[in-house]
1. Assigning unit charges at the beta carbon (Lys, Arg +1; Asp, Glu -1) and nothing else, what dipole magnitude in debye, to the nearest 20, does the range 1-81 show about its Cα centre?
2. Any idea what angle helix 68-77 forms with the longest principal axis of the chain, computed on alpha-carbon atoms, 0 to 90 degrees, nearest 10?
3. As a check on your grasp of the helix formula, calculate [θ] at 222 nm for the chain: sum -39500 (n - 2.57) over DSSP H runs of n ≥ 4, divide by the residue count, round to the nearest 500.
4. If you average 1/r over every pair of different alpha-carbon atoms in the chain and take one over that average, what Kirkwood value in Å do you get?
5. Among VAL52, MET101, LEU19, whose Cα lies farthest out toward the positive end of the dipole of the chain, if unit charges sit on the beta carbon of Lys, Arg (+1) and Asp, Glu (-1)?
6. Could you rank the peptides 7-20, 50-63, 78-91, 106-119 by their average count of other C-beta atoms within 10 Å per residue, with the highest value first?
7. At a probe size of 1.4 Å, how large is the accessible area of TYR98, to the nearest 10 Å²?
8. Among PRO92, VAL72, TYR32, whose Cα lies farthest out toward the positive end of the dipole of the range 4-92, if unit charges sit on the beta carbon of Lys, Arg (+1) and Asp, Glu (-1)?
Amino acid sequence: RWIPEAARLLRPGGWLVFLTNSILTYLCVPDYEKDGPATDRMRRPYFDVHRVEWPDNTDGEVEFHLNHGDWVRVLVSSGFEILDLVEVRVPPDATTTYEWMDAAWASRWPCEEAWVARKR
């Protein structure tokens, strides 16, 4: 819902830049943080992503994830031209406080994605 709203608020030529967890991160993290960080195994289907409520979430938080094709369709249909997709790769010696992601994983696969778009 927020992409069309951003398009409504931006003037032609306005930029939309946002960061999100990569689709690979979502596919590879376990359901429970206590089960450790992301692995090299996919745990959920690629085409059935969207609304996510994690089983160990006690705060009532809801996440929304889209695969790349869905991101492209939403951005283009909302009047954006996609300028770039930066798949974040961290250096192997990086550190983190997140239990669900470690630097070894994030140096092999993108942990986050930065999308850059401009309103037509």
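The values are calculated or read from the model by the stated rules, or taken from the named source; none is laboratory data. Since the structure is predicted, the reported quantities are computational estimates derived from the model, not experimental observations. When we count neighbours, we look across all protein chains shown, and the Cβ atoms used for this are built from the backbone with ideal geometry, even at glycine. Keep in mind that these areas ignore ligands, DNA and RNA; they rest on the heavy atoms of the full protein, side chains included. Shrake-Rupley method; radii C 1.70, N 1.55, O 1.52, S 1.80 Å.
1. That gives the range 1-81 a dipole magnitude of about 420 debye.
2. Between helix and principal axis, roughly 20 degrees.
3. Value at 222 nm, helices only, nearest 500: -6000 deg cm²/dmol.
4. That comes to 15.6 Å for the chain.
5. Value computed over the given set: LEU19.
6. 106-119, 78-91, 7-20, 50-63
7. 140 Å²
8. With unit charges placed on the Cβ atoms, the residue in question is VAL72.
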